[in-house]
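Any read-out appearing in this document is the output of simple, stated calculations on the displayed coordinates, not a laboratory observation. For clarity, every value in this text was computed on a predicted model and none was experimentally measured. Here Cβ is always computed from backbone atoms with ideal geometry, including for glycine, and neighbour counts include all displayed protein chains.
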Amino acid sequence: MHVLVIGATGSIGRHVVTQSLEAGHPTTALVRNADRARKILPEAAALAVGDGTDPAVLAAALESVDAVVFTHGSHGGPGEAERIDYGIVRDTLAATGRRPVRIALMTAIGVTVHDGAYNRSSQVHDWKRRSERLVRRSGNAYTIVRPAWFDYNEPDQHRLVFLQGDTRRTGSPADGAIARDQIARVLVESLTSRGAERKTLELIAETGPAQDDLEPLFAALEADPEGAFDGARDPDTLPLAYEPAQVADELDAITRS
Ligand SMILES: NC(=O)c1ccc[n+]([C@@H]2O[C@H](COP(=O)([O-])OP(=O)(O)OC[C@H]3O[C@@H](n4cnc5c(N)ncnc54)[C@H](OP(=O)(O)O)[C@@H]3O)[C@@H](O)[C@H]2O)c1
């Protein structure tokens with residue numbers, strides 16, 4: 001499985017690249033700065049160089065790719081969530097056309113919280129949720145992973161726990177903790193798991209040893225209903241009927257492609 005990692009030099013993406021290579025997948029990293037990437041990423045990673053908001057860069061990076069892991073993210077500047085968090089997913093899916101590509105998309109715990117202060121100021125949750133909807137409607141096999149707060153783990157929290165329904169909504173580390181390499185493990189292992197297909201999960205770590213095999217955890221999750229926009233058990237906090245016309249059109253276009 002040839003894997004493309006988008007957001008490869010980021011704090012999660014670099015773990016994804018390493019673990020993908022360790023799993024035996026030829027792995028290409030989409031990076032903006034090749035010199036910096038060479039210092040961060042394993043030598044065995046191939047590089048595709050360019051900005052992910054450029055559809056031509058995405059089209060070239062996607063050649064001969066079987067799977068895409070998205071770990072990219074913006075930093076909250078005006079318009080960035082739409083252009084980067086959402087736009088890169090939209091343009092990647094458009095560039096794959098009708099060719100099936102296995103997708104693992106990282107968003108965030110609390111992504112369905114629409115009325116919180118963070119989303120009101122940044123719209124990051126809404127744009128990430130819209131990117132999830134594009135993935136669900138794209139017709140590709142996918143897993144959507146919503147990590148809890150990075151690196152608040154206690155030293156003995158190695159046991160992975162998958163949740164659904166996005167019910168932890170404080171917008172603080174009280175919602176749960178997860179380490180960056182644990183997130184990468186779930187993303188990479190989901191790519192080859194039949195039980196992980198069409199699943200949306202929140203990811204936290206709790207006290208206990210790490211599981212050797214994630215298959216039972218994936219298999220126990222409720223699948224998103226066939227053709228659904230939202231994850232199984234997600235609250236309806238961003239009704240489609242009130243979405244901007246452009247968003248509705250783009251969702252429609254991906255559904256028909
Ligand atoms: N902090 C938390 O506890 C938490 C919890 C759950 C979810 N999250 C989410 O996790 C996401 C990523 O976090 P992180 O710590 O890994 O962030 P990060 O280290 O800043 O990584 C972001 C990655 O996205 C890439 N990127 C940004 N714009 C791009 C563009 N136009 N073209 C190509 N690549 C681009 C960056 O590339 P460069 O290296 O070239 O800049 C970098 O590789 C964030 O969106 C955040 O919302 C965070």
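Summary of computed values
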{"read-out": "Spin-label pair residue 66/residue 11, simplified geometry with 7 Å Cα→Cβ offset, distance in nm", "value": "3.2 nm"}
{"read-out": "Estimated inter-spin distance, residue 118 and residue 34, nm [label 7 Å along Cα→Cβ]", "value": "3.7 nm"}
{"read-out": "Calculated FRET efficiency for the pair residue 211/residue 169, C-beta based, R₀ 22 Å, to 0.05", "value": "0.25"}
{"read-out": "Compactness of segment 1-62 as Cα Rg over 2.2 N^0.38 Å, two decimals", "value": "1.00"}
{"read-out": "For segment 134-205: rounded, prolate or oblate by the Cα gyration tensor [a/c cutoff 1.5]", "value": "oblate"}
{"read-out": "The chain - charge dipole about Cα centre, Lys and Arg +1 at Cβ, Asp and Glu -1, debye rounded to 20", "value": "400 debye"}
{"read-out": "Per-residue Cβ neighbour rank within 10 angstrom, fewest leading, 75, 125, 25", "value": "75, 25, 125"}
{"read-out": "In segment 46-89, GluC sites (Glu not before Pro) in a DSSP loop with at most 13 other beta-carbon atoms within 10 Å", "value": "63"}
{"read-out": "Label-point gap, in nm, between residue 233 and residue 257 - each point 7 angstrom along Cα→Cβ", "value": "3.1 nm"}
{"read-out": "Debye intensity ratio in log₁₀ form over the Cα atoms of the chain, taken at each q of 0.09, 0.15 Å⁻¹", "value": "-0.35, -1.07"}
